[in-house]
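*Asks:* First the structure, which I've put down as C-alpha cells, then a few questions once you've had a look.
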Amino acid sequence: MGLDGLAILMVLAAAVLHASWNALVKSAADRVLTFATLSLGGMLAGMVAVPFLEVPDHQAWPYLIASTLVHYGYYAFLILSYRHGDLSQVYPLARGAAPLLVAAGAWIFAGEMLSPMGMMAVMVTSAGIMMLAFEGGWPRGRDRTPVLLALVTGCWIAGYTVLDGMGVRRSGAPISYILWLYILEGLPFLVWVLLWKRRAFVSHLKRNWITGLGGAMASNLAYGLVIFAMSLGSMAAVSSIRETSSLLATVIAAVVLKESFTARRYLAAGLVSIGVVVLNGWA
C-alpha cells in the first residue's frame, strides 16, 4: 500500500503541527497540565461531533482501547524525556526510532513488508539515530537518561501507531475512529482535573488559553491526519514521512527555545529525515 499525493500532503502537514505542539510542551511551565489541556480539547471536539457520525465497527474497539492505554505510556515518557533532555535531542531520537519499530510491527501484525531499498532506508535512519544517541561518545551516568527515555518513548509511539493503523482500517469510519480516540484519551485527564487539579487547571487556562487552544488544535489535528492517512496507505510509509518533523523540531529548539545545538545534531536529524523519506518511496 503506497501513498497518494493527498495522503503525503496530509502527513507532511501533520509533521509541521506535531513539531509545533512538542515545542509548546517542552517550553511549558507545567507539562502535565499542558497535556491535560491538549487532551481535553480533543475530547470536547469529539463529544460534539460523534453524535452525527457513524459508530466505528465493533472490530475496531479493542484497538481503540489498547491505543488509548499505550498513549498514556507515551505521554508519561515524553514528559520525562523533556524533563531530562533538550527538544533537539529527545524529539529526533524518539521520533526517529519509531519508523524502524513501526515497520517491524506492521510486518509482524499486518503483513506489510519492506523492500530491500526500504531496508537500506532503515539503516540510514538508524545511523542518524545513533549520531544523536551517542553524541560525544557513549553516555555515562545521568547523560544516559534522556537517550534511554527517548528510545522508550519511540517504542510507545510505534505501539500506538501500529494499533491505530490496524484499528482505523477495521473501523469503516476513519473520522469517527479518530474522534472516539480523542474522547477515550481525554476522559482520565478530565477525572484527574475535576478531582485533584481543578483550581490549578483553571488558573493554567486563564494564563495560557491562547497557546492552549492552538496546541490542542495542532496536536489533535496532527495525529488525526496521520490516522486518516494510515487508512489510505502503509503504516511504515506514513510513520516515515511524519518523522520529517525532526528537522523542524531541531530548528524550533534552536530559534525559539534557544537550546544549544551542534552541526552534528543537524546532520543527525537530516539523516533521520532522509532515511524515512526514502523508506516511504521504496516501502
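The values are calculated or read from the model by the stated rules, or taken from the named source; none is laboratory data. On a predicted model such as this, the values are computed, not experimentally measured, just so you know. As a convention, Cβ positions derive from the backbone with ideal geometry for all residues, glycine included, and neighbour counts pool all protein chains shown.
*Asks:* Can you report the number of residues in region 163-173 which are of a type in the set (A, V, I, L, M, F, W, C) and either at pLDDT below 95 or farther than 13 Å from I65 by Cα (or both)?
*Replies:* Summing the residues that are of a type in the set (A, V, I, L, M, F, W, C) and either at pLDDT below 95 or farther than 13 Å from I65 by Cα (or both) in region 163-173 gives 1.
*Asks:* Starting from region 241-262, take each residue that is farther than 27 Å from M10 by Cβ and list its partners that are outside any helix (DSSP H, G or I) and at pLDDT 70 or above, counting only C-beta distances under 7 angstrom and pairs at least six apart or across chains.
*Replies:* Cβ pairs passing all conditions: E259/D86.
*Asks:* Q89 fails exactly one of the following numbered conditions: (1) in contact with a Pro (Cβ under 8 Å, 6 or more places away or on another chain); (2) modelled with pLDDT of 80 or more; (3) of a type outside the set (D, E, K, R). What is the number of that condition?
*Replies:* All conditions are met except number (2).
*Asks:* Still on this model: Of all residues in region 65-81, which are surrounded by fewer than 23 Cβ atoms within 10 Å (Cβ to Cβ) and touching a residue at least 12 places away in the same chain (Cβ under 8 Å)?
*Replies:* Result: I65, A66, T68, V70, H71, Y72, G73, Y74, Y75, F77, I79, L80.
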